[in-house]
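I have placed the structure first, in the form of structure tokens, so that the comments after it can refer back to it.
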Amino acid sequence: MARHEGKTEARKSQQAGDRATQASRGSDRGLASSVGEMTPEDISGHRLILGDCREAMAAMPENSIDAIVCDPPYGMSAEPDAAEVLSHWLAGDDYHHGGGGFMGKKWDSFVPGPSVWREAARVLKPGGWCIAFSSTRTSDLLGIAMRLAKLERRDTCSWIYYSGFPKSLALDKAIDSKHGAEREVIGTGGHCGVFAHSGGGTLQDFKGYTATISAPATEDARRFAGYGTALKPSHEPALIFRKPLIGTYAENALQWGTGGLNIDRARFAYGDQAWPGPQEIGDPDRFRGTDGGAFVAALDKHEPRAGHNLGRWPANIYATPKASTAERNAGCEQLTAITGAEATNRTEGSAGFENPRAGAGRTADQVANFHPTLKPQAVLRYFVRLVTPPAIPGKPPPVILDPFAGSGSLACAAAAERVASISIEIDPDYYRIARARIEHATRQGDLFAM
């Protein structure tokens, strides 16, 4: 990342601030007034709304949405008192949790409560699917909130990305620190590096980083050498809910067009790495069933059966990397970029910012799309294919809703899959990014083809 010497104190102060507090900036006020809060913009069949999702959904007709795919706040703040949360929710109240969530973002302080999901359930057609990404730590709370809104839990799909870093505390070091003991440095770790990428995804810089290795200084610390406090995060759950059917599956499908999953449209092609399991390619003793599965059988008892010509049955796991820099910034070329320090609320030059284990590798360059939690197009397109019902002659085309649009990733995925969408975003900064990305996606057509 190019260094900017002699930065002003005002710039440093801006780096430390939460992007969510910048909604009062002049440019944002201008955006809100020019767009009109709660006034939808239509972008080639994709509606974008600036406003609170609960209020925006309250203005929508009942049973008007075919499916919901969204990425709501994870609530990555201090552990709540679950009994207090449930007492508020069961009484019909909203629960307000103090503090910030992921990267200190106030909007991520807690999961959306039942009142939000009641509006989502109201606008969703009977049998309509609702997929909501969550955290492994807070998916239980999100699931309860959605259940209290009378949505039915049907499954969970794990988005596997492999590349997370464990936010683990070295217990032996913590114990030595507690005792006030000084540890002896006995060596350094292997050379680590951070790859920083330009907007086009080409290698631009390589930054070295060396970690020191120290020995436990006390007997208490030696007992806990090698102990940590967290696992490596490698997946995120997407909760799969559905609005209750009216009648049977067949009756609901005939009346509302919803209730089914588009299995054939969402199949994994054989060899597709989005399916992380065995591919069974070239094994003469393994037969593929007609549903895309596989089994080993004795040749004298079973006749070979060809695999389904459309691919493997859709699974409740999907493996794909996090969004690339090029994917993240596509369409944002004319927007004002910010630095990695601003994007992560870290001080440039600090240990937390420079340490590659703290995420510097993905935030070191200036970025125009500074939303911290956007999902990759591949997994979003998979969900869009899976839950979108068929078009029915004489009825409006299917529409998919994202109440927590962020930087507009779901709408981009819907555009690539030729599905109409409605996206709602409360933050003017993110709204501007979403608008640019959706405009770009609709201009490019199938921009994010897999």
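Among (1) farther than 29 Å from Gly113 by Cβ; (2) surrounded by 14 or more Cβ atoms within 10 Å (Cβ to Cβ), which single condition is Glu184 missing?
That leaves (2) as the condition not met.
Count, please, the residues in segment 203-225 that happen to be of a type in the set (D, E, K, R) and at pLDDT 85 or above.
Total satisfying the criteria: 4.
Only helices (runs of 4 or more DSSP H) wholly contained in segment 1-106 count here; list those with 2 or more residues that are at pLDDT 50 or above.
In segment 1-106, 53-58, 82-90 are the helices (runs of 4 or more DSSP H) which contain 2 or more residues that are at pLDDT 50 or above.
Please enumerate the residues belonging to segment 172-186 that are among the hydrophobic types (A, V, I, L, M, F, W, C) and farther than 10 Å from Asp220 by Cα.
Ala174, Ala181, Val185, Ile186
Taking segment 367-382 on its own, how many of its residues are modelled with pLDDT under 90 and in a loop (DSSP other than H, G, I, E, B)?
6
Let's see how each residue does on (1) modelled with pLDDT of 95 or more; (2) part of a loop (DSSP other than H, G, I, E, B); (3) surrounded by 12 or more Cβ atoms within 10 Å (Cβ to Cβ); (4) among the aliphatic types (A, V, I, L, M):
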| site | (1), (2), (3), (4) |
| --- | --- |
| Asp155 | yes, no, yes, no |
| Ser158 | yes, no, yes, no |
| Ile175 | yes, no, yes, yes |
| Gly190 | no, yes, no, no |
| Gly201 | no, yes, yes, no |
| Tyr227 | yes, yes, yes, no |
| Leu245 | yes, yes, yes, yes |
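Looking at Ile400, Ile424, can you tell me which residue is under 12 Å from Leu48 (Cβ atoms) and either surrounded by fewer than 23 Cβ atoms within 10 Å (Cβ to Cβ) or at pLDDT 95 or above (or both)?
After applying the criteria, what remains is Ile424.
Anything in segment 408-428 that is in a loop (DSSP other than H, G, I, E, B) and either free of Cβ contacts under 8 Å to residues at least 60 places away in the same chain or within 15 Å of Met60 (Cα to Cα) (or both)? List them, or say none.
Those that are in a loop (DSSP other than H, G, I, E, B) and either free of Cβ contacts under 8 Å to residues at least 60 places away in the same chain or within 15 Å of Met60 (Cα to Cα) (or both): Glu417, Arg418, Val419.
Which residues, counting only those in segment 131-184, are in contact (Cβ under 8 Å) with a residue 60 or more places away in the chain and of a type in the set (Ser, Thr, Tyr)?
Ser134, Ser135, Thr136, Thr138, Ser139, Thr156, Ser158, Tyr161, Tyr162, Ser163, Ser168, listed by residue number.
For segment 383-394, state whether one or more residues are among the aliphatic types (A, V, I, L, M), modelled with pLDDT of 85 or more and surrounded by fewer than 19 Cβ atoms within 10 Å (Cβ to Cβ).
Within segment 383-394 (the criterion being among the aliphatic types (A, V, I, L, M), modelled with pLDDT of 85 or more and surrounded by fewer than 19 Cβ atoms within 10 Å (Cβ to Cβ)), the answer is yes, since at least one residue qualifies.
The values are calculated or read from the model by the stated rules, or taken from the named source; none is laboratory data. Because the structure is a prediction, the values reported are computed rather than measured. In this analysis, Cβ positions are derived from the backbone assuming ideal geometry, glycine residues included, and neighbour counts consider all displayed protein chains.
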